[in-house]
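The values are calculated or read from the model by the stated rules, or taken from the named source; none is laboratory data. Bear in mind the structure is a predicted one, so any value in this text is a computation, not a measurement. Cβ atoms come from the backbone with ideal geometry, glycine included; neighbour counts cover every protein chain shown. These area figures cover heavy atoms from the full protein model, side chains too; ligands, DNA and RNA do not enter into them. Shrake-Rupley method; radii C 1.70, N 1.55, O 1.52, S 1.80 Å.
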Amino acid sequence: MALLDETLLRAGYCRECDLEQARNVQKEYGGRLGHIMLNMGLITEGQLMNSLCECMELGRLSDLPERPQLLSVSTIRAEFLLKNNVFLLSGGQDEIWLATNDPFNLEIFSMVERLASKPVRLFLGTEEELRDLRLALESELMLDEEEKGVSDLDDEIDKLRELASEAPVIRMVNTLLSRAVQSRTSDIHFECFKKFMKVRFRVDGVMTTVEHVSSGVKLAVITRLKLLSGMNIAENRLPQDGRISIRVGGKQVDIRSSSVPTSFGESFVLRLLGKEDIQCSLEGLGYFPDHLSLLREIAARPNGIILTTGPTGSGKTTTLYSILNELVTDTTKIVTVEDPVEYELEGINQIQVRPDIGYTFAHSLRSILRQDPDIIMVGEIRDAETAEISIRAALTGHLVLSTLHTNTALSSITRLVDMGIEFFLLKASIIALMGQRLVRKLCPYCAKPVDVAPEMLASLRFEELKTYYSLDDPKLRKPVGCDKCNHTGYIGRMAITEIIPFANQVQAEFEQDKNFDDPNKLGYRTMQQDGLIKALNGIVALDEVLRIT
């Protein structure tokens, strides 16, 4: 069996200096030589597959004379094949033909041999070449329980439509939508319990119960919401997603809807996306001038990855939209991949992923790279495949913006390493890490000052906070409540953030400790410190900062 490096050189896929560079990385970090060269952009996936086939005397999927068809073996479950990215092909007589992109998965191959009672012959293909086989296998899994009482189902649908079309139900739903828009609600929750349905509004991140609907009406309300959302009103066993576009109180509102079956009915959530309300400007997010200037300096870089982290609902997407809004020019092509597309941005190509048909973040990213973009926004890095393609895009001259679900900015490096991404790739591609949360802003009409005792300043480490931002005259305020803020004491929300350029000092700390997570050691303030500084400037309440952080 020939060596991989000799095969790559002989085929002209790389140069000796490329191999030497990859070997140095392998010595320091380990890993397979071919995988390292692929991640560094020195060879393509097709070139790697061709070379592996020659070295290991395996078949090449693209060389088969006819398009391969899937083979079904009763003793091998389709879920097992999908999980391990291997596919059985028709064509072998006394052997099992198996397509994969990993020839080293020996344990899986022996298991297939044992279950099929035949020897296995491997055919290697790229991820793109395996995509059709994956989609075909996934579609087979979905073909079950299609024909059950069609006439009875039609009668049930007619009854549901009648219920949802009654005037009181329509009036109730319209009134709730109107109240939600007036009170700056971001989400409306319809929750079914045994004896009633509870309706709750989320305003500035906090849930409040606004209505109790009787058990006899809850089905009609859910059906009305499904009709507005374009959902299947007869399906109550599976989750569904939909969208509503309506005008309420003179405002155009896009609503993203979601239904999930529960014990006593369906839980229905409406996410209100007011087109006139979105602030796609960095100034509107509440950054202090030093953070604003640092973020603009980072976003001006021609290539690399900017990662923003935080839990769901922490404003990560809005932050990325605001950065993109400043980068839009006639000379720049910007493409986003999102799930879902929340707001329409002028001058930006926005793509909605469709995991249900196999159009995932990873598949979409591969297509985007052939569209000659300058800047790419990836809605979320959910797996190693998406992370690897994003890194490859950054290393080949693109600016990539994305989000990750971690608690702090620095912990995103640990998460990516846990996904299996080599640290040398992170060093070469990531240019900045951001972490953020949203806190409620005090109502400017009714908030009252609070006496700041020396003991309180000491407990907040006031002197330490002054090293990160000027605090000459600290002032705390507390919420009171008035007509302007619906007697909550708060109006709107703002971001508290930590922004850390992934420079040499940060990289050196991670090389010593893979779990490093101390922005202060690098001279940057944490999210909590940013919030405390905003509280001591009278913008937010101290209790609110401590609650969030």
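Which percent of the accessible area of the chain is formed by carbon and sulfur heavy atoms (probe 1.4 angstrom)?
That fraction is 49 percent.
Report, by chain and number, residues whose modeled amide H sits under 5 Å from the one on V248, excluding near sequence neighbours (fewer than 5 apart, same chain).
The answer is V253.
With a ≥ b ≥ c taken as the square roots of the eigenvalues of the C-alpha gyration tensor of the stretch 473-513, please select rounded if a/c is under 1.5 and otherwise prolate if a/b is larger than b/c or oblate if it is not? Show your work: numbers first, answer last.
Details: a/c = 5.13, a/b = 3.32, b/c = 1.55.
It comes out prolate by the Cα gyration axes.
Work out the length of the dipole vector of the stretch 299-394 about its Cα centre, built from +1 on the beta-carbon of each Lys and Arg and -1 on the beta-carbon of each Asp and Glu, and round it to the nearest 20 debye. Before the final figure, lay out the partial values.
Details: 8 positive and 14 negative charges, 56 e Å.
Magnitude of the dipole: close to 280 debye.
Would you calculate the separation in nanometres between label points at A508 and N303, each defined as 7 Å from the Cα along the Cα-to-beta-carbon direction?
For the pair A508/N303, the computed spacing is 2.6 nm.
Quick one: if the Förster radius is 25 Å, what FRET efficiency do L3 and R354 give, using the C-beta to C-beta distance and rounding to 0.05? List each step's numbers first, then the result.
Values: r = 42 Å, r/R0 = 1.67.
According to the calculation, E is roughly 0.05.
Assuming R0 = 25 Å, can you tell me the calculated FRET efficiency for the pair N520 and Y29, based on Cβ-Cβ distance, to the nearest 0.05?
After rounding, the FRET efficiency stands at 0.30.
How big is the gap, in Å, between the Cα center of the stretch 394-441 and the Cα center of the stretch 342-364?
20 Å
Show me the trypsin sites (Lys or Arg not before Pro) within the stretch 418-476 that DSSP assigns to loop and that have at most 16 other Cβ atoms within 10 Å of their Cβ. Present the calculation step by step, with values, prior to reporting the outcome.
Numbers: sites: K427, R437, R440, K441, R461, K466, K475; in loops: R461.
Those that pass, being in a loop and sparsely packed, are R461.
Among I76, L133, F87, which residue has its Cα furthest toward the positive end of the charge dipole of the stretch 67-139, with +1 on Lys/Arg Cβ and -1 on Asp/Glu Cβ?
With unit charges placed on the Cβ atoms, the residue in question is I76.
Write out the GluC sites (Glu not before Pro) in the stretch 25-119 meeting two conditions: DSSP loop, and at most 10 other Cβ atoms within 10 Å of their Cβ.
Numbers: sites: E28, E45, E54, E57, E66, E79, E95, E107, E113; in loops: E57, E66, E95.
Here the GluC sites (Glu not before Pro) that fit, given the DSSP loop and packing criteria, are E57, E66.
Mind running the shape call on the stretch 36-117? Use the C-alpha gyration tensor, a ≥ b ≥ c as the square roots of the eigenvalues: rounded below 1.5 for a/c, prolate if a/b tops b/c, oblate otherwise.
Details: a/c = 2.10, a/b = 1.62, b/c = 1.30.
In terms of gyration-tensor shape, prolate.
Length gain on complete extension for the stretch C17 to D483, per 0.36 nm per residue less the alpha carbon to alpha carbon distance? Walk me through the numbers on the way to the answer.
Values: separation 466, 0.36 × 466 = 167.76 nm, distance 7.11 nm.
Roughly 160.7 nm would be gained on extension.
Please state the charge dipole magnitude for the stretch 486-549, taken about the Cα centre, from unit charges on C-beta atoms (+1 on K and R, -1 on D and E), reported in debye and rounded to the nearest 20. Intermediate values should be presented prior to the final figure.
Details: 6 positive and 9 negative charges, 57 e Å.
For the stretch 486-549, the charge dipole is close to 280 debye.
Put a dot 7 Å past each Cα toward the Cβ at D383 and S74; how far apart are the dots in nm?
Here the answer is 3.1 nm between the modelled labels.
How far is the Cα center of the stretch 489-540 from the Cα center of the stretch 67-86, in Å?
That distance is 48 Å.
Using a Förster distance of 41 Å, how high is the FRET efficiency between L369 and E455, based on the Cβ-Cβ distance and rounded to 0.05? Kindly include the intermediate steps, with their values, before the conclusion.
On the way: r = 57 Å, r/R0 = 1.40.
Computed FRET efficiency for L369 and E455: 0.10.
Which order do T488, T317 take when ranked by solvent-accessible area (1.4 Å probe, heavy atoms of all protein chains), largest first?
Details: T488 70, T317 40 Å².
Most to least solvent-accessible, the answer reads T488, T317.
If R179, R301 are ordered by their accessible area, calculated over protein heavy atoms with a 1.4 Å probe, which sequence runs from highest to lowest? Display every interim value, and only then the final one.
Values: R179 90, R301 115 Å².
Solvent-accessible surface, decreasing: R301, R179.
How much mean residue ellipticity at 222 nm does the chain get from its helices, if each DSSP H run of length 4 or more adds -39500 (n - 2.57) and you divide by all residues, to the nearest 500 deg cm²/dmol?
Details: 21 runs with 214 residues, N = 549.
One gets -11500 deg cm²/dmol as the mean residue ellipticity at 222 nm.
With a 1.4 Å probe and all protein chains kept in place, how much accessible area does D517 have, in Å² rounded to the nearest 10?
Using a 1.4 Å probe on the heavy atoms, I get roughly 70 Å².
So, for the chain, what is the accessible surface per residue at a probe of 1.4 Å, expressed in square angstrom? Let's see the in-between values first.
Working: 27110 Å² over 549 residues.
It amounts to 49 Å² per residue over the chain.
Compute the length gained on full extension between R171 and E283: take 0.36 nm times their separation in residues and subtract their Cα-Cα distance, giving the result in nm to one decimal. Provide the component values of the computation, followed by the final result.
On the way: separation 112, 0.36 × 112 = 40.32 nm, distance 3.93 nm.
Here the answer is 36.4 nm.
With the dipole of the stretch 313-389 worked out from charges on the C-beta (+1 for Lys and Arg, -1 for Asp and Glu) around the Cα centre, which of F361, P340, I376 lies farthest toward the positive end?
F361
Pull out the extension gain between T332 and K251, defined as 0.36 nm times the separation in residues minus the alpha carbon to alpha carbon distance; nm, one decimal. The partial results should precede the final answer.
Numbers: separation 81, 0.36 × 81 = 29.16 nm, distance 3.17 nm.
Working it through step by step, the gained length comes to 26.0 nm.
Exactly which trypsin sites (Lys or Arg not before Pro) in the stretch 203-270 are in a DSSP loop and have at most 11 other Cβ atoms within 10 Å? Display every interim value, and only then the final one.
On the way: sites: K218, R224, K226, R237, R243, R247, K251, R256; in loops: R237.
Taking the stretch 203-270 and a limit of 11 other Cβ atoms within 10 Å, the loop trypsin sites (Lys or Arg not before Pro) found are R237.
Suppose each label sits 7 Å from its Cα in the direction of the beta carbon; what would the L106-T44 distance come out to in nanometres?
About 3.2 nm separates the two model spin labels.
What figure in square angstrom, to the nearest 10, would you give for the accessible area of M207 with a 1.4 Å probe?
For M207, solvent-accessible area is about 50 Å².
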